[in-house]
Amino acid sequence: MNRYSKIENKTKREIVLLKAKPCKWGKCTFCDYIDDNEINEEKINRINRDVLSNVTGEFGILEVIDSASVFDLPLETLEMIKNVVEEKNIKRLFFEAHWIYRNRLDEIRDYFKIPITFKTGIESFDNDFREKVLRKGANFTDYREVKKYFDSPCVMVGIKGQTKEMIDRDMEIIKNFSHATVNIFENNSTDIKRDEELVKWFVEKYRYLEDDPKVDILFEITDFGVGELD
Ligand code: SF4
């Protein structure tokens, strides 16, 4: 498992994939990343200390992801991140949090005292698909509710059951945010399956997003350089 990388295009930054306690939501039907979650805090902190030791601060921006939410990291790990921010002169952080934490984001902002880009997994702005198929547990009905709390939605494309119309609408909606991440779904150990035809259509139609500085597009889940690389 590779847990440290650099994103060298668009918003240049270092990225770490830390270990977290079990994802508080943990019910998304497409997710098997929670297999990386761990209950032993000592082990979590040991691994995270090692991963964070790679950070050099060369871009002044650090993204922290953890197969859960930033709130699912142990306090000791948060302290380690804060030390890295201070020692390596980090000026901006990217974190992820699930919708259930939307009213607690200021706790993290107050703790780190530097600008934070909050990402959140929305996967689809189609309310039925998101909640009934993906069981995302983000019970908003209008994207403006998301925008009230979060800076950057992560959306997923190419899943069986998703339609071109849903994806076209999602690509329109993400233009309203300062940043967004688009993931092309890859089959994993869950029952949710990739729709190859839909992926082919999407890649042809939306390849230009590769040049959009506001959008990170991941053709493969490991395109940020962290995770299980081949
Ligand atoms: S919130 Fe994220 S980590 Fe938790 S189950 Fe859903 S996709 Fe997986």
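Scaled against 2.2 N^0.38 Å for its residue count N, the alpha carbon radius of gyration of the range 4-218 is 1.01. The C-alpha atoms of the chain define a longest principal axis, and helix 164-173 lies at about 50 degrees to it. Using C-alpha pairs under 8 Å with a sequence gap of at least 6, the mean separation divided by the residue count of the range 4-218 gives a relative contact order of 18 percent. Annotation: cysteines of the chain without a disulfide-compatible partner (Cβ-Cβ under 4.7 angstrom) are 23, 154.
When the Gaussian network model of the chain links Cα atoms closer than 10 Å, the mean-square fluctuations of 72, 36, 128 top out at 128. Put a plus charge on the Cβ of each Lys and Arg, a minus charge on the Cβ of each Asp and Glu, and nothing anywhere else: the dipole of the chain about its Cα centre is then about 620 debye.
Extension gain, residue 141-residue 178: 0.36 nm per intervening residue step, less the Cα-Cα distance, totals 11.3 nm. If you sort the three axes of the alpha carbon gyration tensor as a ≥ b ≥ c, you get a/c of 1.5 or more for the range 65-110 and a/b above b/c, which makes it prolate.
Taking one quarter of the surface of the convex hull spanned by the alpha-carbon atoms of the range 114-178 gives a direction-averaged projected area of 4.4 nm². Summary of packing: across the peptides 221-227, 18-24, the per-residue average of other C-beta atoms within 10 Å ranks them, highest first, as 18-24, 221-227.
Relative contact order for the range 4-125: what percent, with Cα pairs under 8 Å and sequence separation of 6 or more? Please list the in-between numbers first.
Numbers: 196 pairs, mean separation 30.6, N = 122.
Value for the range 4-125: 25 percent.
Strictly over 19 Å apart at the Cα level, which of 91/113; 24/119; 19/82; 119/147; 27/132; 10/136 would you flag in this model? The pairs that break the limit, which is 19 Å between Cα atoms, are 10/136. Farthest toward the positive end of the dipole of the range 34-104, out of 45, 64, 34, is the Cα of 64, where the dipole comes from beta carbon charges about the Cα centre.
In a simple Cβ point-charge model (Lys, Arg +1; Asp, Glu -1; nothing else charged), the range 155-230 has a dipole of about 280 debye relative to its Cα centre.
Tell me the net charge near residue 193. Cut-off is 14 Å between Cβ atoms, residue 193 excluded, with +1 for each Lys or Arg and -1 for each Asp or Glu. Around residue 193, the surrounding residues sum to -4. Over the range 14-108, the reciprocal of the mean inverse Cα-Cα separation, the Kirkwood hydrodynamic radius, stands at 13.7 Å.
A short reminder: the numbers here are calculations on the coordinates, not readings from a lab. Quick caveat, the model's predicted, so the values are computed rather than measured. For neighbour counting, all protein chains shown are included, and Cβ atoms are generated from backbone atoms with ideal geometry for every residue, glycine included.
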